[in-house]
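What follows is a single structure, written as structure tokens, with notes after it.
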Amino acid sequence: MTERAMIDVSLNNERTQVAPKRLLSDALNDWGYGGQKVAIAINGEFVPRSRYAEQELTQGDKIDIVKPIGGG
Amino acid sequence: MNTEIQHDPLVLYGEAFESRFLLGTALYSSPDIMRDAIERSRCDIVTLGLRRQNPANRDGDTFWRHIEASGCRLLPNTAGCKSVKEAVTLAEMSREMFDTPWVKLEVIGDDYNLQPDPFGLVEAAAGLIKKGFKVLPYCTDDLILGQRLLDVGCEVLMPWGSPIGTGQGLLNRYNLRTLRERLPTVPLIVDAGLGAPSQAAEAMEMGFDGILLNTAVAKASEPPLMAEAFADAIDAGRKAYKAGLMQTRQTASPSTPTLGQPFWHTTS
């Protein structure tokens, strides 16, 4: 049995790898965002918080994770 | 007759606010300075944004604590978005993040002067309003654009005074006066480009309903003091508008009565 290949995704415009079909909620913990106040879009589409635990990451996904910042 | 302004709230989307000053939260030298500026501004609404940040960077935590403690209504923006798609997605992210349907909608059409893209702005506003957002569009001072934004359901317009961060004040008074005269019942907030409290007072004297700014306060030597200066100027401008400015005239007219003027004697 061979280890499953990792897939490439873009996290805030930086390439990284995750296991295939890794759930977004798990990946957030992997990346250090666990418990933080964030909002997420994947491939330019908003992903509501309620979907984090069912959203599977796939090859080539472009993931944007944002936090509050000062703005005018 | 009591001519004092007893209660003169700014009403936006059916909600009343005591202050007519909306303050941005960017560019301050520290979160504590920002907190003090918000307090001295007496504002009820602050703008803020969303950006990518490294999870290990917790600098924003203090910022967020101060924002929450201010008790101000949050008005997230879509700053930097150049397309309808980007603006709509960021607005949806903001709605979830800040638990508010209010959004300061920006769709930027030009990198040089950060001028709003009027076509994208109307399209994005229409889409967001259908999704239940309360859209406060950052727009130019073009009357027809304003009318189109109202047509798609915006209840507030936020025309620029001049390009963001320039501090040039009211560049096109004709257009701004036209907006005010042609849209007399629509809340109009001058957003961006003001650099001095006198400019804010001028806009309020013209009948604008509020002022939104950031850089002029954040980049002052003493931001909290400047925030208070703007707040005072906005109040003064509003009172002057309500009081009714005198008509300007070409020729001089003595304010002291001429009747009874001493030293005037007929010699014949």
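The condition of being over 26 Å from B:ARG20 (Cα atoms) and open to solvent by less than 30 Å² (accessible area, probe 1.4 Å) holds for only one of B:THR78, B:THR89, that being B:THR89. The one condition from (1) more than 10 Å from chain A (Cβ to nearest Cβ); (2) buried (at least 19 other Cβ atoms within 10 Å of the Cβ) that B:ARG73 does not meet is (2).
Selection of the stretch B:203-222 for residues being away from every other protein chain (no Cβ under 12 Å) and open to solvent by 10 Å² or more (accessible area, probe 1.4 Å) yields B:GLU205, B:MET206, B:ASP209, B:ALA220, B:SER221, B:GLU222.
Of the strands (runs of 3 or more DSSP E) lying entirely inside chain A, the ones with 1 or more residues being small (Gly, Ala, Ser) and either loosely packed, with under 14 Cβ neighbours inside 10 Å or at pLDDT 95 or above (or both) are found at A:7-11, A:39-42, A:62-70. Residues in the stretch B:118-146 that are open to solvent by 40 Å² or more (accessible area, probe 1.4 Å) and within 19 Å of the chain's Cα centre (by Cα): 3 in all. What number of residues within the stretch B:223-251 are open to solvent by less than 30 Å² (accessible area, probe 1.4 Å), out of contact with any strand residue (DSSP E or B) (no Cβ under 9 Å at 6 or more places or on another chain) and closer than 14 Å to B:ALA37 by Cβ? The qualifying residues number 2. Would it be correct to say that A:TYR52 is within 14 Å of chain B (Cβ to nearest Cβ), on the phi < 0 side of the Ramachandran plot and in contact with a Pro (Cβ under 7 Å, 6 or more places away or on another chain)? For A:TYR52, the condition - within 14 Å of chain B (Cβ to nearest Cβ), on the phi < 0 side of the Ramachandran plot and in contact with a Pro (Cβ under 7 Å, 6 or more places away or on another chain) - is not met. Of the residues making up the stretch B:92-106, those that are in contact (Cβ under 8 Å) with a residue 40 or more places away in the chain and either more than 8 Å from every other protein chain (Cβ to nearest Cβ) or buried (at least 24 other Cβ atoms within 10 Å of the Cβ) (or both) are B:SER94, B:TRP102, B:LYS104.
Residues checked against (1) open to solvent by 30 Å² or more (accessible area, probe 1.4 Å); (2) within 10 Å of chain A (Cβ to nearest Cβ); (3) assigned to a strand (DSSP E or B); (4) within 22 Å of B:PHE133 (Cβ to Cβ):
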| site | (1), (2), (3), (4) |
| --- | --- |
| B:ALA16 | yes, no, yes, yes |
| B:ASP36 | yes, no, no, no |
| B:THR47 | no, yes, yes, yes |
| B:ASP61 | yes, yes, no, no |
| B:ALA69 | yes, no, no, no |
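Taking the stretch B:175-193 as the range and being over 15 Å from B:VAL11 (Cα atoms) and exposed (fewer than 14 other Cβ atoms within 10 Å of the Cβ) as the test, the residues that pass are B:GLU181, B:ARG182.
The values are calculated or read from the model by the stated rules, or taken from the named source; none is laboratory data. Everything numeric here is computed off the predicted structure, so don't read it as measured data. Don't worry about glycine lacking a Cβ; one is built from the backbone with ideal geometry, like all the others, and counts go over all protein chains shown. For the accessible areas, the whole protein counts, side chains as well, though only heavy atoms, and no ligand, DNA or RNA atoms are used. Shrake-Rupley method; radii C 1.70, N 1.55, O 1.52, S 1.80 Å.
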